[in-house]
Amino acid sequence: MEMQELLARLDQHEGSFPHALVEEIIGRREEATPRLLEVLEDIDRNPEPWLADHGRMIHIYALYLLAFFRETRAYPLLVRIFSRPGEFPFELVGDVVTESLGRILASVSDGEIKGMAALIENEQANEWVRWVAMTGLVTLVVTGQRTREEIMAYFLQLFHHLERKPGMQWTGLAHACADLGPQEAITKLRRAYADDLVDPGSIHWRDIERALELGQFAWEQAQRRHSLITDLARAMGWMQCFRKAERGYPRQAASQPDLPLPSSVYATTPVRRTTPKIGRNEPCPCGSGKKSKKCCGANTAVLN
C-alpha cells in the first residue's frame, strides 16, 4: 500500500486503535517521517483548515509517531505551533495537550531544553502548554537526559522570571518542583502559595511537604508519571474515541472512508462546529459548579 493511502486511512480511522496500520507505518519509518513532518509544517504555515475540521486524526498520529521515532526535526515545529496564544492548542489537538504534549516534546528534543524553555517563558502561550513544557523537562531528568541539578536550577530561576499572577504555569512549576524534590525551592514555593499563585486544588501545600520528606527519592517516584513515548497504543489509549470502541459503542461511519490524501497538502473539506464550544474555564454544563477543565472536560475526546 502506498504511504499516502496508509496515512489517509489513519486520518479517517474510526473504531479501536488501528494496530496494523500503525505497525506498518512504523515499519516504514524512513518513508513515513517526511510525510508526517509535512503535516506539522502545514499546520505551522496555515493552521485554520486544521482548526475547522474536527473529524481528522492524522495530525494527532503525527505527534505521537514522530515522538516514537525520536524525530528531532519535529521539535522546532512543535514549539512554534504550540506557542500560539489562547485556546489554539486545545482547538487543534484537544486534551493531547494535557495528556501527552510534555512527553512528546521530551521525546523529540534529544535532551535539548531551549525549545521547552521558550514555551515556558512565553507569556503569550497557553498556560497549560507552559505547564506541560515543564513536565517535559522533568521527563528529561527521569529518563537520564538531563541532571536533576540543572533542571532544578532552571526552575529556581523561573520563580524570579515568571509574571507574578495566578495561572497554571505556577501550578505546573509547583508540580515540577515536587516531582524532582522541592528542597532547594521550598522558600520560594511557600511565597508562591502565600501569594495565591498556585492552585491548591491541583497541588496542595501538604503535597509539597510530602515531596520534601521524600527528598532525593521524589523524582524516582515520578518515573511512573514521566516517560518518553515508547508504545503508541498505550500512549493514545486514553482517548475516548478508542475507549468507546473497546466498550462496544456504536461506530459512526466516516465521512470519507479510506480516501487518499491529496499529494501536495493534507486537506479536506472543512467540517464546521454546529454547537458552541464549552471553554475550559467556563462552568461545566453538567451542573457540578466546577470549571469544565476540572470536570467533564478533563478527559474528553481529542476531537470534540
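The values are calculated or read from the model by the stated rules, or taken from the named source; none is laboratory data. The structure presented is a predicted model; accordingly, all values stated were derived computationally and were not measured. Ideal geometry is used to build each Cβ from the backbone, glycine not excepted, and the neighbour counts take in all protein chains shown.
Count of segment 11-28 residues, restricted to those that are among the aliphatic types (A, V, I, L, M) and either surrounded by fewer than 16 Cβ atoms within 10 Å (Cβ to Cβ) or without any contact (Cβ under 8 Å) to a residue 24 or more places away in the chain (or both), is 3.
Against the list (1) surrounded by 17 or more Cβ atoms within 10 Å (Cβ to Cβ); (2) out of contact with any His (no Cβ under 6 Å at 6 or more places or on another chain); (3) not aliphatic (A, V, I, L, M), the condition residue 139 fails is (2). When segment 214-238 is limited to residues that are of a type in the set (D, E, K, R) and at pLDDT below 90, the one that is surrounded by the most Cβ atoms within 10 Å (Cβ to Cβ) turns out to be 225. For residues that are under 23 Å from residue 68 (Cβ atoms) and either among the polar types (S, T, N, Q) or at pLDDT below 95 (or both), scanning just segment 103-126, find the one that is surrounded by the fewest Cβ atoms within 10 Å (Cβ to Cβ). Out of the qualifying residues, it is 109.
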